[in-house]
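Let me begin by presenting the structure, written as structure tokens, before commenting on it.
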Amino acid sequence: MKINKAYKFRMYPNRKQEELINKTIGSSRFVYNHMLKRIQENKNLNAYDLIKEIPSLIEKYQFLKEVDSCALRCAIFDLENGIKKYYKERIGYPRYKVKGKKDRYRTNYITSEYKGKKYENIKLDLKRKIITLPKLKEINIRGYRKLENIEGRIINATIEKEANKYYVSVCVEEEIKKKEKKEIKNIVGIDVGIKSLVVTSDGEKYGNPNYIKKYERKIRGLQKGLSRKEKGSKNYIKTKIKIQEVYRKLKNARRKTNEEIVKKIIENHDIIVSENLQIDSANIKM
């Protein structure tokens, strides 16, 4: 059975690579917003219609020539997927992207062969701790110290900037073996609550650890300080970066907590049952 799995690494680009990453993020955002406007003007346009407009757009805006062209196409496909999801699931119509919020771009893996030599635009070398990306070439990475290589086919890479730090998530298609069926012994029901993070039918409760609450308090304090500063000033930008950094730590802490809870429940039970409820916050009395 084949599955898609993402491996996330911290990147350490040099100054020129940082500049190019920032330009590519900005260019992808520009193309996304431009094409969103085009769709609002003409709802019959699809992703392939919009991709045909990229050459004329590059001629008009020369800065688009400097970046990975695949990232520009991916921005259009992301937009189309967002619109399809809206009509299928009625989840938020795509909005215009703004700088400083979800600063990222995606590029697809492309391979070719010339004179018997194989060329790849994305390469991952875990022994040397290096990733090769389109336009950026080789960048030092950190993560997955115990892995020497990743078995599977690379599909794409997502480059992200968060609190002035850079990350890359490599999506890989992997083959996994199906586990043999075993005798069912333990069944548990779980309820995702508000006061407690998770409550099981065994009566076990899982809550947020204290360090998560500490990050939440810190964010509230920094946001109060941000509201008193002049928008666009150096102190405003510094405080905003601090908030982004604490949000990053909070996100990682929550993920770690969730992984620990999931691991404990899975290890001790054969079947896990959960209700599929849509909680309306308007009907919750505080």
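Points worth noting:
- Which numbered condition residue 97 fails, given (1) farther than 21 Å from residue 172 by Cα; (2) touching a Leu at 6+ places or on another chain (Cβ under 8 Å): (2)
- Residue under evaluation residue 219, criteria (1) part of a helix (DSSP H, G or I); (2) without any contact (Cβ under 8 Å) to a residue 60 or more places away in the chain; (3) β-branched (Val, Ile, Thr); (4) over 23 Å from residue 166 (Cβ atoms), criterion not met: (4)
- For residue 215, the test of being under 18 Å from residue 100 (Cα atoms) and modelled with pLDDT of 85 or more is failed.
- Residue 127 vs. criteria at pLDDT 90 or above, surrounded by 13 or more Cβ atoms within 10 Å (Cβ to Cβ) and not hydrophobic (A, V, I, L, M, F, W, C): no
- Evaluation of residue 202 against (1) within 30 Å of residue 265 (Cβ to Cβ); (2) modelled with pLDDT of 80 or more (one fails), failing number: (2)
- Members of the stretch 227-279 found to be surrounded by fewer than 15 Cβ atoms within 10 Å (Cβ to Cβ) and among the basic types (Lys, Arg), listed by number: 228, 231, 234, 238, 251, 255, 256, 263, 264
Matching residues to (1) assigned by TED's automatic domain parsing to the domain that holds residue 130; (2) at pLDDT 95 or above; (3) farther than 19 Å from residue 130 by Cα:
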{"position": "14", "(1), (2), (3)": "yes, yes, no"}
{"position": "17", "(1), (2), (3)": "yes, yes, no"}
{"position": "22", "(1), (2), (3)": "yes, yes, yes"}
{"position": "26", "(1), (2), (3)": "yes, yes, yes"}
{"position": "33", "(1), (2), (3)": "yes, yes, yes"}
{"position": "40", "(1), (2), (3)": "yes, no, yes"}
{"position": "44", "(1), (2), (3)": "yes, no, yes"}
{"position": "47", "(1), (2), (3)": "yes, no, yes"}
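The values are calculated or read from the model by the stated rules, or taken from the named source; none is laboratory data. The structure presented is a predicted model; accordingly, all values stated were derived computationally and were not measured. Heads up, the Cβs are rebuilt from the backbone with ideal geometry, glycines too, and the neighbour counts pull from every protein chain shown.
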